[in-house]
Every structure is written in C-alpha cells, then in structure tokens.
Amino acid sequence: KKHVVLTNMAKAGRMKLNVAYPATGCQKMIEIEDELKIRPFYDKRISQELEVDFLGNEWAGYVLRITGGNDKEGFPMKQGVLIPGRVKLLLSKGHSCFRPRRKGHRKRKSVHGCIVDGTLSVLNVIVVKKGENEIPGLTDHTIPRRLGPKRVGKIRRLYNLSKEDDVRQYVIRRPLPLKDGKKQQYKAPKIQRLITPVKLQRKRHRISLRRRWGEKSRQEASDYKKLLAQRVKEAREKHQIAKRRLSSKRSSTSSA
C-alpha cells in the first residue's frame, strides 16, 4: 500500500502538454515532471489564456490558450461543466464528448469538468501569441496544408480574387501517388456554391415553374368561384320556382 501511494504521488506531479501552433500546422507533446511548472495551469478553465514564461526561457513571451484535455483514466474535459473533477451527464445529439448511434439516442457518460486540476494527464493548448525564441519542432518549420478550400467565397478570399476571375483555375490540386509507366494524376475538390450557366438556367426554370403553378392555382380558384356562383344561382332559381308552384297550388285549392 505504501508503494502504491508513493507511485500515485509521483504520477500526480506529471502532465503532458500537447501544444499546437495553427500558423505552421505543427504540434508538439511536452512532458512536464516539475510540479512548480504545472501549478500555474491549475484552476484555469477551457478557453482561458495565460503567459507561459514559467515553463522556461525558450517560452518567454508565448501566450497559450487551453482547449481541452484528458484525465488519467482517459475521460475528456467538457466545456461548460464548471467543476475540477469528474461528473456523469446525460448526453444527447449536439453535445460534445458524445456521438449518437441512432435517432433519439441518449447516454449517461462520465466527463471531466472544464477546470484544470491535478488529475489530468494531458492538457491541450494552442499558441495564441508567439514569443521571440523558436521552439524546435513547433515554430521552426511549416507543414503544408494537405487540402485547400472548397467553397467559392473562401477560395476568392485566399487569393484575393474578384467575381470576374475564374475560381476553377485556383483550386489546390493534390498529386496522387505516381504509378509505374503512367502519367501523374491530380485530385481536386468539387467546388461548392459555384455559379455556372447551368445553375442559372435551373434557377430560371424553377422560377418559371413556380410562376406557372401560381397562375394555374389562381385560374383554378377563379373557375371554382364562377362554378360555385353558378351553382348558387341555379339553386336559388330552383328554390324560387318551387316556391311559386307551391303558392299557385295553394291559391287554386282555396278558390275551389
């Protein structure tokens, strides 16, 4: 028992820091064993930012934002759960830390709160502000984006294009693995929200169909009103004829 307690105390002072730098696309895992370097993260919440000069001289000027983490049993941190420990929640579609398997699926799952404490084994952070020094493996080289944007607006924003430019010429094409004796093949994404002559023609067709349906429904409504008025007129005339016949019959019986 004494050995187990000592082992747990030794593990309590360890934490892995998963640092990501979106500007270069790199991320690096750093294992921290010094309790004094871990304590400044305690009682901080997800989305909070803090300066990390306490990690060492190479981190001077860096600002990190906490994005999540996992505790020692692997349970993830959940935003909005304002406790430092673990709790069981009934999760459904739309909640983080849960993927529904069928319609209406709900499940009670254990999640860690959004407040950092000593039970975490991994803490995920991103670099919000870069310092003066370069971090090897994180800021010193850039990983190119494997996939480019698909949407028309995002492609235009990336290359600063106008509406007159052909967006299809600026799609990022990914080279496929080269096969022996064959030409180099490329793969390009299907551009979303692209305005083409065919799309405009289909739009005009939909508008004309909608207009025709409206005219047809208005014509049918007017025809129905005319038919209803005619039927009401016929019923009124029939009623008047029956009334005259009845009155003439009464007058003839009274004279007799």
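With Ile172, Ile191 as the choices, which residue is in contact with a helix residue (DSSP H, G or I) (Cβ under 7 Å, 6 or more places away or on another chain) and touching a residue at least 12 places away in the same chain (Cβ under 8 Å)?
Sole residue among the options that is in contact with a helix residue (DSSP H, G or I) (Cβ under 7 Å, 6 or more places away or on another chain) and touching a residue at least 12 places away in the same chain (Cβ under 8 Å): Ile191.
Residues in segment 174-194 that are of a type in the set (A, V, I, L, M, F, W, C) and open to solvent by 100 Å² or more (accessible area, probe 1.4 Å): how many?
Here the count works out to 1.
Taking Arg102 and the conditions (1) open to solvent by less than 60 Å² (accessible area, probe 1.4 Å); (2) more than 27 Å from Gly131 (Cβ to Cβ), which numbered condition does it fall short on, given that it satisfies the others?
(1)
Which residues, taken from segment 235-256, are assigned to a helix (DSSP H, G or I) and open to solvent by 100 Å² or more (accessible area, probe 1.4 Å)?
Selection gives Arg236, Lys238, His239, Lys243, Arg244, Arg245, Lys249, Arg250.
Which of the residues belonging to segment 16-63 are on the phi > 0 side of the Ramachandran plot, more than 26 Å from the chain's Cα centre (by Cα) and either open to solvent by 40 Å² or more (accessible area, probe 1.4 Å) or at pLDDT 90 or above (or both)?
Within segment 16-63, Asp43, Gly61 meet the criteria.
Of the residues Arg168, Arg212, Arg202, Arg145, which is assigned to a helix (DSSP H, G or I) and at pLDDT below 95?
None of the others qualify; the one that does is Arg168.
The values are calculated or read from the model by the stated rules, or taken from the named source; none is laboratory data. Just so it is clear, the model here is predicted, and its values are computed rather than measured. No Cβ is skipped: glycine too gets one built from the backbone with ideal geometry, and neighbour counts run over all protein chains shown. All accessible areas refer to the heavy atoms of the entire protein, side chains included, with ligands and DNA or RNA removed. Shrake-Rupley method; radii C 1.70, N 1.55, O 1.52, S 1.80 Å.
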